[in-house]
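Let me begin by presenting the structure, written as structure tokens, before commenting on it.
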Amino acid sequence: MAKTTGKPIATSKPSKLMKKDASKEKRTSTKETPVAEQVVETKPLISVPPVVKSDTSEDKTEVTIEKKLIALYSLQQIDSQIDKIRIIRGELPLEVQDLEDEIAGLETRIDNYIQETVALDRSVSDKKNAIKDSQALIKKYEDQQQNVRNNREYDSLTKEIEYQNLEIQLSEKRIKEFQATLDLKQEEIENYQKQLQDRKNDIEIKRNELEDIIAETEKEEQELIKNSEENRKYIEERLLTAYTRIRKNARNGLAVVQIERDACGGCFNKIPPQHQLDIRMHKKIIVCEYCGRILVDDGIVNAVN
Ligand SMILES: [Zn+2]
């Protein structure tokens, strides 16, 4: 990049030689056919002049490709950050959704319990009315006992009174049972209402969190998108199309990856030494022969970071 007018003659000569050697090797080597294919395939993308006209033109190409690789790697970094933001923003609404479902479930349960307590209350008052009816009957029978004509009538009324007393006892027993169930339901309703309040507090916190994150990340995302677009200007259309296509097909959205421990940083397949050498030269845009991702070396990575 910072080459002076005097320097290119000295530096371009060996690089020209190396380039010749590399291309000769690729043409003759049979075991590396896929590599050769990839290189041929990427050639139109990177606009390497087919014939080297002069030292200066080759130098320009070298710089341009390096610049493109840097732009591509920066673009990848920016786009990956955008991906990350979108993933975070995608997960929080799910948490809110889970809480909303839980709240709806609790509300339904409380509603059902309230319906049950209403029914129990009605049963209690029914039994209370039954007791009143029985008491009225007892009173009526006792009055009638004052005016009986014989013992048989008196005994018959006594039996009726006994029967109504039994009815009252039974009703009282039922009321006690209903009341016990009611107390239990009431307790459970209170528990659920407490849980409901807790969940409502949680959802309030989560919603605020979500709003904050959305506001925060949207600003960040806008800036990143602006950066991404800015970076795209330095990359030609065909290369951008390839980048977008590879990114779409890759599970992790990575189209440009670093060589890590002699392997592709995307699919972790080993990269042949000659291939690695070509990548380090920054003279061609080289893709992984297994996954098709664009490969860069630490030189490019360091230039970006
Ligand atoms: Zn790969």
What FRET efficiency would be calculated for the residue pair residue 212, residue 173, taking the C-beta separation as r and a Förster radius of 45 Å, to the nearest 0.05?
0.15
For the stretch 133-169 and the stretch 246-305, distance of Cα centres in Å:
103
How much area per residue is accessible in the stretch 90-248 when the probe is 1.4 Å and only protein heavy atoms are counted (Å²)?
72
Mind putting a number on the dipole of the stretch 237-304 about its Cα centre? Charges go on the C-beta only, +1 for Lys and Arg and -1 for Asp and Glu, and I need it in Debye to the nearest 20.
280
Out of every Cα-Cα pair in the stretch 89-244, what percent are more than 24 Å apart?
68
Starting from the Cα of residue 159, step 7 Å along the direction of its Cβ; do the same at residue 229; then give the gap between the two resulting points in nm.
10.0
Suppose the chain between residue 201 and residue 115 were pulled fully straight at 0.36 nm per residue; how much longer would it get relative to their current alpha carbon spacing?
28.4 nm
What pairs from 194/219; 84/194; 226/248; 248/270; 173/200; 140/185 go past 30 Å between their alpha carbons?
194/219; 84/194; 173/200; 140/185
Rounded to the nearest 10 Å², what accessible area does residue 190 have for a 1.4 Å probe in the complete protein model?
110
Given the candidates 196, 215, 136, the one whose Cα lies deepest towards the positive end of the charge dipole of the stretch 81-227, counting +1 at each Lys or Arg C-beta and -1 at each Asp or Glu C-beta, is 136
Provide the gained length on full extension for the span residue 142 to residue 97, in nm with one decimal, where the gain is 0.36 nm per separating residue minus the Cα-Cα distance.
9.5 nm
Dipole check, the stretch 81-227, charges on Cβ (K,R +1; D,E -1), about Cα centroid: among 164, 88, 123 the Cα furthest to the positive pole belongs to 164
In whole percent, how big is the carbon plus sulfur part of the accessible area of the stretch 95-214, probe 1.4 Å, protein atoms only?
45
Specify which residue in the list 264, 250, 300 is farthest towards the positive end of the charge dipole of the stretch 237-304, using unit charges on the beta carbon of Lys, Arg (+1) and Asp, Glu (-1), about the Cα centre.
250
Dipole size in debye (nearest 20) for the stretch 117-208 around its Cα centre, Lys and Arg Cβ +1, Asp and Glu Cβ -1?
260
I need the calculated FRET efficiency for the pair residue 248 and residue 269, taking r as the beta carbon distance and R₀ as 22 Å, to the nearest 0.05.
0.60
What one gets for the stretch 237-304 as the Kirkwood radius, inverse of mean 1/r over different Cα pairs in Å, is 12.0
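The values are calculated or read from the model by the stated rules, or taken from the named source; none is laboratory data. Just so we're clear, the structure is a prediction, and the values are computed from it rather than from any experiment. Cβ atoms come from the backbone with ideal geometry, glycine included; neighbour counts cover every protein chain shown. What goes into the accessible areas is simple: the full protein's heavy atoms, side chains included, and nothing from ligands, DNA or RNA. Shrake-Rupley method; radii C 1.70, N 1.55, O 1.52, S 1.80 Å.
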